[in-house]
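Only one structure is covered here, and it is reproduced in the block below.
The values are calculated or read from the model by the stated rules, or taken from the named source; none is laboratory data. Fair warning: this is a prediction, and the values are worked out from it, not measured in the lab. FYI the Cβ positions are ideal-geometry reconstructions off the backbone, even for glycines, and counts take in every protein chain you see. These accessible areas exclude ligands, DNA and RNA; they are computed on the full protein's heavy atoms, side chains included. Shrake-Rupley method; radii C 1.70, N 1.55, O 1.52, S 1.80 Å.
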Amino acid sequence: MKILHIGISEHLGGIETYLYKIASNIDLIEYQFDFLTYPGITPCFYNELSAMGCKFQRVTPRRESVINFRRDFSALMKLEQYDIVHCHQNTLSFTEPIEIALREQKKVIVHSRNSQFIGRRTSKFLHNLHYLILPRKNIKMLAVSDLAGQWMFGKRANFTVLNNGVDLNKFHFNVEGRQRIRSEFIIGNEKLIIHTGAFREQKNHEFLIEIFAELHKLEPEAKLMLVGSGELLPQIQEKVQNLNLNESVIFTGRRDDIPDILSAGDIFLFPSFYEGFPNSLIEAEACGLYCVAADTITEQAKIEGLCEYISLDKSAEDWAKRIHMIVPLSDRGKCIERIRECGLDAESDVKRLTDIYDSLVRM
């Protein structure tokens, strides 16, 4: 079965992480994965996915020329006998592939990856326009959560929720990893707060720093570790400096050892404005981190005893007081069983997805 995935980019995020996880766990003899990309772009996990036998198909970027994009993509649809075109969408601002694939009589999946959008006016206008004219009866609608499905397709739409699963072979508590990371960053027994995520508006880093500033008043020895990169990084670094928190806040940049970093932490802090279904939160729970997250996130990501939600209407001081009271989890190695019981492991994820692929092709 040949499947073309649309949505991978050179910027590491939820879609890229999800696609790499699925490709790593699916039978790539039975399912051939191709990925749409553009000239001059090296997508995330390019080398790893290529080594697995996945292919990358390059077309003219829409931003360069809509006409040439449509020409190239139409030619690709005619040349390659794809069984399914799987579109991973944060918004509906870009729907040309859906339209063209349907015209070429391909099975199309539209997979909602987010539950809200903060961006340019043009993108918002296009999203709202395409929301009205999306051919819902002709596509298979998937969503990473109930909130993501309702936002992209409508509350009454017949979408299927497919929560992101975690590769539990990688994401679990590791004592050696904890010691290595704490040694690398010269952290002793101090409480270590972790956040992983790209520095963009959605992740609400401004408020996160304000929370930590209040916590620092209660626990001067506490440390905050921010993992990731993005356009707002310089702005957040400046805020940390202005609050005189340089000695207590660690910026790691992008890292390939996230399970070890999560193992090194004591509490995971995640005050996002919105999320589709946050991989980062499930990964932290799998590694035995007690998580404090915003109540804007779907309940499907909150595992009882491992996570709690707080309203973003609460002050930074309120958040800090609650974090100050939390005792880190003791038996962290058993948390992966809770993840598996909830069906949030990669194996369950892949099984659900292949069932969808198989049933769609048989239609």
Looking at the range 155-167, can you tell me whether even one residue there is touching a Gly at 6+ places or on another chain (Cβ under 6 Å), closer than 12 Å to Pro259 by Cα and aromatic (Phe, Trp, Tyr)?
no
Could you give me the residue pairs with C-beta distances under 8 Å whose first residue belongs to the range 266-293 and is at positive phi and in contact (Cβ under 8 Å) with a residue 12 or more places away in the chain, whose second residue is of a type in the set (Ser, Thr, Tyr) and outside any loop (DSSP other than H, G, I, E, B) wherever it lies, and which are 6+ apart or on separate chains?
Gly288/Ser263
Among (1) without any contact (Cβ under 8 Å) to a residue 60 or more places away in the chain; (2) surrounded by 23 or more Cβ atoms within 10 Å (Cβ to Cβ); (3) not hydroxyl-bearing (Ser, Thr, Tyr), Arg200 falls short only on (2)
Could you tell me which numbered condition Ala293 fails, if it satisfies all but one of (1) part of a loop (DSSP other than H, G, I, E, B); (2) open to solvent by less than 10 Å² (accessible area, probe 1.4 Å); (3) in contact with a strand residue (DSSP E or B) (Cβ under 8 Å, 6 or more places away or on another chain)?
(1)
Just to be sure before I move on: is Asp34 farther than 26 Å from Asn128 by Cα, modelled with pLDDT of 95 or more and touching a helix residue (DSSP H, G or I) at 6+ places or on another chain (Cβ under 8 Å) in the structure I sent?
no
Could you check, for the range 205-220, whether at least one of its residues is at pLDDT below 95 and open to solvent by less than 40 Å² (accessible area, probe 1.4 Å)?
no
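Kindly check whether there is at least one residue in the range 184-194 that is within 29 Å of Arg120 (Cα to Cα), at pLDDT below 95 and either open to solvent by 20 Å² or more (accessible area, probe 1.4 Å) or under 23 Å from the mean Cα position of the chain (by Cα) (or both).
no
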Being in contact with a Pro (Cβ under 8 Å, 6 or more places away or on another chain), part of a loop (DSSP other than H, G, I, E, B) and open to solvent by less than 10 Å² (accessible area, probe 1.4 Å) is the filter here, so list the residues in the range 251-282 that pass it.
Ser272
Kindly evaluate Glu285 against the criterion of being acidic (Asp, Glu) and either assigned to a loop (DSSP other than H, G, I, E, B) or open to solvent by 10 Å² or more (accessible area, probe 1.4 Å) (or both).
no
Using the structure shown, decide if Glu231 is open to solvent by 80 Å² or more (accessible area, probe 1.4 Å) and within 22 Å of the chain's Cα centre (by Cα).
yes
List the number of the failed condition for Gly40; all other conditions in (1) within 23 Å of Thr17 (Cα to Cα); (2) touching a residue at least 40 places away in the same chain (Cβ under 8 Å); (3) open to solvent by 60 Å² or more (accessible area, probe 1.4 Å) hold.
(2)
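Limited to the range 208-250, what total is found for residues that are assigned to a strand (DSSP E or B) and either aliphatic (A, V, I, L, M) or farther than 14 Å from Ile187 by Cβ (or both)?
6
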How many of the residues in the range 1-23 are of a type in the set (A, V, I, L, M, F, W, C), outside any helix (DSSP H, G or I) and touching a Leu at 6+ places or on another chain (Cβ under 7 Å)?
3
Do you know which residues across the range 296-305 are touching a Phe, Trp or Tyr at 6+ places or on another chain (Cβ under 9 Å) and open to solvent by 80 Å² or more (accessible area, probe 1.4 Å)?
Glu299
Within the range 77-101, tally of residues that are at pLDDT below 95 and under 12 Å from Gly7 (Cβ atoms):
4
Please list, ordered by first then second residue, the pairs with beta carbon atoms under 9 Å, 6 or more apart or interchain, first in the range 328-356 and over 13 Å from Ala284 (Cα atoms) and in contact (Cβ under 8 Å) with a residue 12 or more places away in the chain, second of a type in the set (Lys, Arg) and part of a helix (DSSP H, G or I).
Gly343/Arg352; Ala346/Lys21; Glu347/Arg340; Ser348/Arg340; Asp349/Lys21; Val350/Lys21
Against the definition (in a loop (DSSP other than H, G, I, E, B) and in contact with a Cys (Cβ under 9 Å, 6 or more places away or on another chain)), how does Glu30 come out, yes or no?
no
